[in-house]
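Below: the structure, in structure tokens.
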Amino acid sequence: MMVEINQHSDYQAGLAQLVRSMKQHRGREGFVHPLVRWLKANPVSSPTLFFDIGSIELRMQWLEQITRPLSISALLSVKSCTDPIYLGAANTYLDGFDISNPAEYACLPQTLNDKLVSIASPAMDFDIAPLTTRGNSAVVVLDSQAQLNRFLAQRGDIPYLLRLQACELVSSNDSAFYPRTRFGFTVEEVQQVLRQPQLIANPPSGFHLHHGSEVNTEATYLSMISGLKALTQQLPMKPRCINLGGGWHGLKRAVMAKVLSQARSTFGAPCTLLVEPGRWYGKHAGFAAGTLVNQKTTADTTECVLNLSKDAHLKWSQVKLLFSMPAMPKKFREVPFFGASCYEEDVLGKFLVPYEKDFHSEPGFALGSQVIFGGISPYSAAWNTTFNGISKARTVWWRHGILET
């Protein structure tokens, strides 16, 4: 049977995770992932990233079903992946895009009628007006006094939001709490800038926040929503737009729906509510394949080197090893996987792999064999680069068993 296991930091934790995985897959001995079947018939010689665009579209459609009745607009963070196939799916099912600069705007589909583009940049050193030339509306996010001065000097009619240090709205007892981010105004700074004559004459439409923790929960978002509600009392009028940002990838669907419903109850119509998931759309849809090019074996460990590099190809992915587990495993071997670079920390992960008699023949980790990983984020395709003479990974998309470049 095909199983997927997480990397582990110690033997006991890895063993416990393996036992859970075996229990979950009991009775599925005949299951083989369709990508594994395809790779067996069509092995790849170069490092390759695979994304199931059908799965991504299903998640986009599900989010649309939740957000539309609540009049919430779901955006795609363009930095998460600029592939035309990915952006085309977002243009079909979502309400718009989040971009950082004109180069990302240039990646978008040529026709953006009825779409919203949110513009949030650490620089904001460009003219905003050309970023509405494809039929889209826009909103600008500002996070410093310098950006405020520059934007208001343009005297355009595009609405703007003040970006908050979201961490200030999260309880210090929350596991997702961290003390500061370099992006946005503090609550005290917001209160100060709202008193400026130029903001009194041209007030912000609302607020933007993004809490980038890996472990955001329902409580994290409810705390931020409550804090935002209190802060909107500082505005001269009710907020016309609130952007709740991203960081949603750790929340289950039912929890995400509950949080969004609470957000709409807190900020009633006609206030526009925005969400910007990034990794959430590609969860469970990404895979990577590499070839085993070097190996070192000791009594209880086998170190494997692949032409697939963590540093070059799999940045921002929490990889899981996908392999064929024997029906009656009796032994376990610790297997670290490394990229073929000279960088010491180019480590894909360390896994505890079960086998029955012969490690090399059973899980399929002999020299020259194909090794497959799950848990690959579309961000990895965006980060994908060359390093130390290693080629960029090829990116392949498939839908319902049909693979296409």
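Here are some notes:
- Helices (runs of 4 or more DSSP H) wholly inside segment 53-139 containing at least 1 residues that are among the β-branched types (Val, Ile, Thr) and surrounded by fewer than 23 Cβ atoms within 10 Å (Cβ to Cβ): 53-67, 84-93
- Hits in segment 177-191 - residues which are surrounded by 13 or more Cβ atoms within 10 Å (Cβ to Cβ) and on the phi < 0 side of the Ramachandran plot: PHE177, TYR178, THR181, PHE183, PHE185, THR186, VAL187, GLU189, VAL190
- Some residue of segment 357-371 being within 27 Å of THR82 (Cα to Cα) and either out of contact with any Asp or Glu (no Cβ under 6 Å at 6 or more places or on another chain) or exposed (fewer than 15 other Cβ atoms within 10 Å of the Cβ) (or both): yes
- Filter result (acidic (Asp, Glu) and in a loop (DSSP other than H, G, I, E, B)) within segment 197-234: GLU214
- Yes/no for PRO47 being touching a helix residue (DSSP H, G or I) at 6+ places or on another chain (Cβ under 9 Å), over 30 Å from HIS210 (Cα atoms) and modelled with pLDDT of 90 or more: yes
- The set of residues in segment 237-280 that are of a type in the set (Phe, Trp, Tyr) and at pLDDT 95 or above contains only PHE267.
- All conditions but one from (1) in a helix (DSSP H, G or I); (2) surrounded by 13 or more Cβ atoms within 10 Å (Cβ to Cβ) apply to ASP174; the one that does not is (1).
- Meets criteria (within 20 Å of SER73 (Cα to Cα) and out of contact with any Phe, Trp or Tyr (no Cβ under 7 Å at 6 or more places or on another chain)) for GLY227: no
- Against the test of being within 17 Å of the chain's Cα centre (by Cα) and not assigned by TED's automatic domain parsing to the domain that holds ASP311, the options THR111, THR82, THR67, THR92 yield a single qualifying residue, THR82.
- When segment 303-350 is filtered for residues that are β-branched (Val, Ile, Thr) and out of contact with any Gly (no Cβ under 7 Å at 6 or more places or on another chain), the ones remaining, listed by number, are VAL305, VAL335, VAL347.
- Of the candidates SER172, SER223, SER213, the single residue that is in the same structural domain as ASP127 (by TED's automatic domain parsing), among the hydroxyl-bearing types (Ser, Thr, Tyr) and modelled with pLDDT of 95 or more is SER223.
- In this entry, VAL396 passes the filter for residues that are among the β-branched types (Val, Ile, Thr), within 15 Å of VAL36 (Cα to Cα) and either without any contact (Cβ under 8 Å) to a residue 12 or more places away in the chain or assigned by TED's automatic domain parsing to the domain that holds GLN318 (or both).
- Restricting segment 257-274 to residues that are in contact with a helix residue (DSSP H, G or I) (Cβ under 7 Å, 6 or more places away or on another chain) and crowded, with 21+ Cβ neighbours inside 10 Å, the residue that is nearest to LEU162 (Cα to Cα) is LEU273.
- Looking at THR298, THR302, just one residue is in contact with a Phe, Trp or Tyr (Cβ under 7 Å, 6 or more places away or on another chain), polar (S, T, N, Q), closer than 30 Å to PHE332 by Cβ and surrounded by fewer than 22 Cβ atoms within 10 Å (Cβ to Cβ), and that residue is THR302.
- Checked across segment 234-251, the condition of being within 26 Å of the chain's Cα centre (by Cα), more than 27 Å from THR186 (Cβ to Cβ) and surrounded by fewer than 20 Cβ atoms within 10 Å (Cβ to Cβ) holds for no residue.
- Look at (1) under 29 Å from CYS81 (Cα atoms); (2) among the aliphatic types (A, V, I, L, M); (3) in contact (Cβ under 8 Å) with a residue 40 or more places away in the chain and you find that MET325 fails only one, number (1).
- Meets criteria (touching a residue at least 24 places away in the same chain (Cβ under 8 Å), aromatic (Phe, Trp, Tyr) and not assigned by TED's automatic domain parsing to the domain that holds ILE85) for PHE267: no
- ALA257 falls short on exactly one of the conditions (1) more than 17 Å from the chain's Cα centre (by Cα); (2) of a type in the set (Gly, Ala, Ser); (3) at positive phi, and that condition is (3).
- Some residue of segment 376-386 being farther than 13 Å from LEU314 by Cβ, in a loop (DSSP other than H, G, I, E, B) and not aromatic (Phe, Trp, Tyr): yes
- Among the residues making up segment 327-374, those that are touching a Pro at 6+ places or on another chain (Cβ under 7 Å) and in a loop (DSSP other than H, G, I, E, B) are PRO329, GLU356, GLU362.
- Residue ID - nearest to the chain's Cα centre (by Cα), chosen from residues in segment 310-326 that are at pLDDT below 80 and outside any strand (DSSP E or B): MET325
The values are calculated or read from the model by the stated rules, or taken from the named source; none is laboratory data. Quantities reported herein were computed from a predicted structural model and do not represent experimental measurements. Please note: Cβ atoms are built from the backbone with ideal geometry, for glycine as well, and neighbour counts cover all protein chains shown.
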